[in-house]
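Trainee: The structure that follows is given in the form of structure tokens.
The numbers here are math on the coordinates, done by the rules we state, and not lab data. Source: prediction; values computed, not measured. As a convention, Cβ positions derive from the backbone with ideal geometry for all residues, glycine included, and neighbour counts pool all protein chains shown.
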Amino acid sequence: MTKLSMKLHFLAATVTIAYAWPMLSHAGSNADIEAGRALFMQKGCFECHGIFGQGSISTGPALAPHPIPLPAMEAYVRDPKEQMPVFSKKILPDDEIARIHAYLDSLPAGRPAESIRLLNGGNSSASALEDSSSASNPVAHGASIYAANCAACHGQSGEGGVGPALIGISGRYRMDGIEARIREPSGIMPRLYPGSLNAGDVEDVARFVASLK
């Protein structure tokens, strides 16, 4: 094999691996995703990049959805630019970066603007469908909202995590109290109303949270 052929084979292999990385990153197990979520909080990544990797103009860029390929993330963490501190392998081993990447890769894209009632004068067809779903089964609708917006911090079943446990919360607060805490969050909890959640969404997720035993 000539040197030119060897170079071409090497280039082809490199390109193949580069394109395969995003696909491989989707293969993270649930255990890796949960571990990555915990590491994302423990290592302080959320302080600059947001709990859901959404980023901020003033603190750090968005990391999710669709994070950069894992090799690129590893390289940047070891030799960052701007204000980001260096994370050595002793502080953040490669396997932990991989788990954080799996968590970021698992995060769904945000709702499209046309589905957010606040941005469409309450006239979107998507909102009408949501209202219909909510009216027929409000607790199930609340469960879907919880899974998408709350479970990352409060646990899939309300067992707690970064945020406090919610199991048995109905024994401490009435329904209007639970709704008030969703509308006016404290600490690092993000404000989702009004915006991602409308008034009906808040009521339904409060019903679901109240059902956690």
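Trainee: Which aspartates and glutamates, on any chain, are close to LYS81 with Cα under 15 Å apart, when same-chain ones fewer than 8 places away are left out?
Mentor: none
Trainee: What spacing in nm lies between the two simple spin-label points modelled at ASN137 and ASN30, each 7 Å away from Cα in the Cβ direction?
Mentor: Between ASN137 and ASN30, the simple spin-label model gives 1.9 nm.
Trainee: Using a 7 Å offset from the Cα along the Cα-to-Cβ direction at both CYS48 and ALA62, what is the distance between the two label points in nm, to one decimal?
Mentor: Once both label points are built, they end up 1.9 nm from each other.
Trainee: OK, next. Hey, got the dipole for segment 135-199? About the Cα centre, +1 on K and R Cβ, -1 on D and E Cβ, debye to the nearest 20? Provide the component values of the computation, followed by the final result.
Mentor: Details: 5 positive and 4 negative charges, 18 e Å.
Rounded to the nearest 20 debye, it is 80 debye.
Trainee: When a/c is below 1.5 the answer is rounded, else prolate if a/b is larger than b/c, else oblate, so apply that to segment 146-196 with a ≥ b ≥ c taken from the square roots of the Cα gyration tensor eigenvalues. Spell out each step's value before the answer.
Mentor: Details: a/c = 1.66, a/b = 1.04, b/c = 1.59.
The shape class here is oblate.
Trainee: Then there is this: If we count other beta carbons within 10 Å of each Cβ, what is the order of HIS49, HIS66, HIS101, fewest first? The partial results should precede the final answer.
Mentor: Working: HIS49 21, HIS66 12, HIS101 27.
Sorted ascending by nearby Cβ count, the order is HIS66, HIS49, HIS101.
Trainee: Any aspartates and glutamates with Cα under 13 Å of the LYS213 Cα? List them, leaving off those in the same chain fewer than 8 positions away.
Mentor: Here the aspartates and glutamates satisfying the reach criterion relative to LYS213 are GLU159.
Trainee: Let me ask something additional. Once the Cβ-Cβ distance between GLU159 and ARG191 is put in as r, and R0 is 22 Å, what FRET efficiency do you end up with, to the nearest 0.05?
Mentor: Numbers: r = 23 Å, r/R0 = 1.06.
Calculated value: 0.40.
Trainee: Sum up the charges of everything whose Cβ sits under 13 Å from the Cβ of ALA165, counting Lys and Arg as +1 and Asp and Glu as -1, but leave ALA165 out. Could you put the intermediate results ahead of the total?
Mentor: Numbers: positive: ARG172, LYS213; negative: GLU159.
Summing Lys/Arg as +1 and Asp/Glu as -1 gives +1.
Trainee: Another question, then. Report the FRET efficiency, 1/(1 + (r/R0)^6), for ARG181 and TYR76, where r is their Cβ-Cβ distance and R0 is 45 Å, rounded to 0.05.
Mentor: Numbers: r = 37 Å, r/R0 = 0.81.
Once the sixth-power term is evaluated, E becomes 0.75.
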